[in-house]
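Colleague: Take a look at this one; I'll ask things after.
The values are calculated or read from the model by the stated rules, or taken from the named source; none is laboratory data. All values derive from a computational prediction rather than experimental measurement. Here the Cβ positions follow ideal geometry from the backbone for every residue, glycine too, while neighbour counts run over all protein chains shown.
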Amino acid sequence: MRHGRPGPVLRAVLPPSRRVATGRGGAARSAVVYLVALLAAWMCAGVPAHAQGIGVRARVDRENIEDGGQTSLLVEVFGPSLGEVGPPDVSGITDFDIVGGPMTSNRFQWINGRTSATRSYTYLLRPRRTGSLRIPPLGLLVNGRTFRTEAVNVEVFPAGSAGAPGPHPSPPGAGPGGGGGPGRPARSGEGTSMVRVVADVDTRTAYVGQQVTLRVLLDTQTEILNLGMKDTPTFPGFWAEEIKVPENLEMRRVVNGADTYSEYTLMKRALFPTGSGTLTIPPLSYQIQVRRRSQDPIESFFFTPTETITRRTEPIAIRIQPLPSGSRPDGFSGAVGNFTLAVNADRKDSRVNDAIGVKVRVAGEGNLNAVNALPLPDLSDFKQYSPKISASTSVVGDRLRGEKVWDYVLIPLAPGQQTIPPVRFSFFDARAGTYRTVASPPLTIQVARGEDGDAGTGAGLAAQRDVRQLRRDIRFIKQAPDGLRDKSVPMYRAPWFIALVLLPLAADVGLFAFTRTRDSQRAHARQRRERRARSLARRRLKEARRRMSPSMARAFSAEVAQALTEYVAAKFDTSASGLTHDRIEELLATRGAAEEDRRTFHRCLEACDYARFAPTSSGSEEMRRTLLAAEEILVRLERSLAA
Amino acid sequence: MRPARAASALLLALWGAASLHPALASTSKDLFEGGNGAYEQGRFQDAAAAYEKVVAYGVADPRVLYNLGNSYFKLGKLGSAILCYERALRLDSSDQDARFNLEFARGLIRDRIQEPEIPYPVKALKDVLDTLPLELVGLVFLCIYYLAASLLGALLLVTGAVRRRVLGYGAAAAGLCAILAAGILYYKIEDRASAHAIVMTDRVDVLSGPSSDNTILFTVHEGTRLELRNRRDGWYQVSLPNAMSGWVPSESVERV
């Protein structure tokens, strides 16, 4: 290993790519190489474009790759002073998928009073098809001017074909899984030394929710130019929290027997198992760009021969135990770790209806994200609002520490000395293997009356709150102080109920029958009286004829008038006593009697009345005419009423 | 005198023992109170035995069945408890305690049956009707029925157009109300007379036909309420509210 410690040469832009700095010797040699290359390019006019000393170029690390493989495209801008440089326009690359990048790096050199600067953009490309593929000229905007690189050709062979190996063939053991394990160091190839990636955890047995710290280390005996993760890491069955590692990876020299190599910590994760059983951390793959030893001294001097290798960690199985259920305390929060609890009020004196801020803070080693329970109990003498919850995490010595704060606003409802009872927080201490409960001391708040003398709910009265159901059970048995009653026969089957239902029915039917009979009898009587009306009138007129003499004139008239009136009364089934002349005319009109007949009837009755009540008696002739008129009108009425 | 005193003491001791132990109590009321005492002391087996005797005497009081259901519940016999609560509610559908305990016990059985969804107004009406006691519905019906009959009778007797018109409208309205009350009464009678049974064994297979060599369609567990549709040779054809149907041995269920 030639490098003492890495220097800040490459800078990764996008995660999860990481830059590994080369050593000082490497930097110096790179500077020389690029300076010479710059001069050679200037002298040979081989640069694709240059103006004001600015040049751009593009190249790939492998010009012959297999289908499914990857190649690294390096686009560089160089010149004495670069100024404002924009990234290359890669939209024209249609034969490749850009699977990584851009990784940007800057270099600045000052040699013999002359300065030169280089900005590099590195992309990882995967071909979309086989054959001769072309990376078109790429445009870069430098100080407002556009420069274009030359096109680059890449030959892509079908996977497994003989023509696959390119100018920088992958050495044995450099492929995926080929030497990524923590055991024997793998050699990256003919011209490179050992490079391996190792994943390690601090424990292989843990409880659910207990932190397992994952470390991914890079051991190398060669210079690492660049590296990045092939895929986004996933940890099924774990809640993963990132533990930051320095942007510039720190190197540690390791002497292991005859091997001496550098070790870098690439990644750290705090993993919290979410379930019990055996959980596996899957392999993590890295693509590493390393410097390749070249047998060609000119190439070694003027260029930086590199190759990209893949390293993969071994899967790690971890046995996760469930939390003990027997001794689990009531109100267990679900937190695993070691925590402290603090409860503070922003003041100890307040007034009724003046808000008090109470802060409940749980902090310690472990993951508090899953803790959702409200730690403050219900307070009868305070109106309590939903708390504002804030949470934060930090890492101390690779251990995740969490802090969760519940900010409560309490409104005192009654004056006097009010107490916020102890707040309890239960968690599982994985190191001790037991549950622990921490409690805060009770807080005493002195509450005065409100500014307007408001005593709230009163010192001796508790504020109202909903009654909570604690448990459920069946209701209690019943007593029978009035004795037992047999209800086996339902009411609707009882004889009295049936009788009561039938009774009104029978009553109504009987009533109906009675009314029908009554009406029928009445109708018969009316018909009989109507039929007898004519003969009755004749008898009356016969009697009147017998009395037809001047001495009996009044009796004669009364008899005639009675004969006519009773005739109408019988015909209309009514009483003769209440019949007036107008009423008689009205009745006759209802049965369709002719107006002439009604008038005649009326005159006849008037004549009778006149003869009865006049001071002079009627003559025989006049009585005879009256009798004839009465007989005639009766005949005519009989006809018209019968019709 | 000595034999007489001894006999008196013996009778007194027997009376005392009868009041203390339900099995020795003579009348149904004594048995009932003895059962209550045993229940309060936590002797649920004795309490259940006492209530069973009251039932065996032919006293169908809903309070006896309710207390018997409570005793069975405390003994862990969910099927018997649910059966007793159902029977108590048949005798007095307004008993809210029995309804509560029945729902509570039903919440503990193993079978969960998705009942067809009833539109809200219908369900609300059904809930109200279910809580009305049959006797009250019957009396209300009788009152309205008598009112309608009286108005009809008056309509037959009176004369005069106005009076007859008023009485006619009144009789028609009362008649409609009487028909409505009769409908509710019919619903209550049908509800009481409906054929249901409770599964009394831990589990029972429901078969596709009334013999043990038929296919097992599904399994129901203790306490599940089944509707009885048919009976044949010691087998009941039953159905669930979700329309699942089959045959079960009659000895595995108890009719409500």
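Colleague: Test of understanding: among B:Ala197, B:Ala124, B:Ala149, B:Ala154, which residue is on the phi < 0 side of the Ramachandran plot and more than 34 Å from the chain's Cα centre (by Cα)?
Modeller: B:Ala154
Colleague: Let me ask another. Would it be correct to say that B:Val55 is more than 9 Å from chain A (Cβ to nearest Cβ) and either within 24 Å of B:Gln41 (Cβ to Cβ) or at pLDDT 95 or above (or both)?
Modeller: Values: more than 9 Å from chain A (Cβ to nearest Cβ): yes; either within 24 Å of B:Gln41 (Cβ to Cβ) or at pLDDT 95 or above (or both): yes.
Criteria met by B:Val55.
Colleague: May I ask you to list the residues in the stretch B:165-186 that are surrounded by fewer than 16 Cβ atoms within 10 Å (Cβ to Cβ) and not small (Gly, Ala, Ser)?
Modeller: Listed by number, the residues that qualify are B:Arg165, B:Val166, B:Tyr169, B:Leu176, B:Ile179, B:Leu180, B:Tyr186.
Colleague: Would you check if B:Glu135 is free of Cβ contacts under 8 Å to residues at least 60 places away in the same chain, at the interface with another protein chain (Cβ under 9 Å from one of its Cβ atoms) and within 16 Å of the chain's Cα centre (by Cα)?
Modeller: So B:Glu135 fits the description; yes.
Colleague: Now, a different point. So which of A:Phe556, A:Phe476 is facing chain B (nearest Cβ under 10 Å), of a type outside the set (Ser, Thr, Tyr) and out of contact with any strand residue (DSSP E or B) (no Cβ under 7 Å at 6 or more places or on another chain)?
Modeller: Every option except A:Phe476 fails the conditions.
Colleague: Being away from chain B (no Cβ under 14 Å) and modelled with pLDDT under 90 is the requirement here; does A:Asp519 meet it?
Modeller: no
Colleague: For A:Thr130, are the conditions met, namely being hydroxyl-bearing (Ser, Thr, Tyr), at pLDDT 80 or above and under 24 Å from A:Gly53 (Cβ atoms)?
Modeller: No, not satisfied.
Colleague: Of the conditions (1) closer than 19 Å to A:Leu605 by Cα; (2) surrounded by fewer than 19 Cβ atoms within 10 Å (Cβ to Cβ); (3) modelled with pLDDT of 90 or more, A:Glu543 fails just one. Which one is it?
Modeller: Going through (1) closer than 19 Å to A:Leu605 by Cα; (2) surrounded by fewer than 19 Cβ atoms within 10 Å (Cβ to Cβ); (3) modelled with pLDDT of 90 or more one by one, A:Glu543 breaks only (3).
Colleague: Which helices (runs of 4 or more DSSP H) sit wholly inside the stretch B:18-128 and have at least 1 residues that are under 19 Å from B:Arg255 (Cβ atoms) and either hydroxyl-bearing (Ser, Thr, Tyr) or out of contact with any His (no Cβ under 9 Å at 6 or more places or on another chain) (or both)? Step through it out loud before you land on a result.
Modeller: On the way: elements: B:28-40, B:44-56, B:62-74, B:78-91, B:96-106.
Answer list for the stretch B:18-128: B:44-56, B:62-74, B:78-91, B:96-106.
Colleague: I would also like to ask the following. State all residues of the stretch A:333-350 that are in a strand (DSSP E or B) and surrounded by fewer than 16 Cβ atoms within 10 Å (Cβ to Cβ); if no residue qualifies, say none.
Modeller: Matches in the stretch A:333-350: A:Thr340, A:Ala342, A:Asn344, A:Asp349.
Colleague: Also, quick follow-up: So, in the stretch A:591-643, exactly how many residues are more than 21 Å from A:Ala544 (Cβ to Cβ), outside any loop (DSSP other than H, G, I, E, B) and touching a residue at least 12 places away in the same chain (Cβ under 8 Å)?
Modeller: Summing the residues that are more than 21 Å from A:Ala544 (Cβ to Cβ), outside any loop (DSSP other than H, G, I, E, B) and touching a residue at least 12 places away in the same chain (Cβ under 8 Å) in the stretch A:591-643 gives 3.
Colleague: Taking A:Asp582 as the residue in question, decide whether it is farther than 20 Å from A:Leu536 by Cβ, touching a helix residue (DSSP H, G or I) at 6+ places or on another chain (Cβ under 7 Å) and either buried (at least 17 other Cβ atoms within 10 Å of the Cβ) or in the same structural domain as A:Ala537 (by TED's automatic domain parsing) (or both).
Modeller: no
Colleague: Take the conditions within 21 Å of B:Ile109 (Cα to Cα) and outside the structural domain of B:Cys84 (by TED's automatic domain parsing) and apply them to B:Thr224. Does it pass?
Modeller: So B:Thr224 fits the description; yes.
Colleague: Then there is this: Starting from residues that are in contact with a Gly (Cβ under 9 Å, 6 or more places away or on another chain) and among the small types (Gly, Ala, Ser), keep the ones in the stretch B:58-92 and report whichever is farthest from the other protein chains (Cβ to nearest Cβ).
Modeller: Only one residue fits best here, namely B:Gly79.
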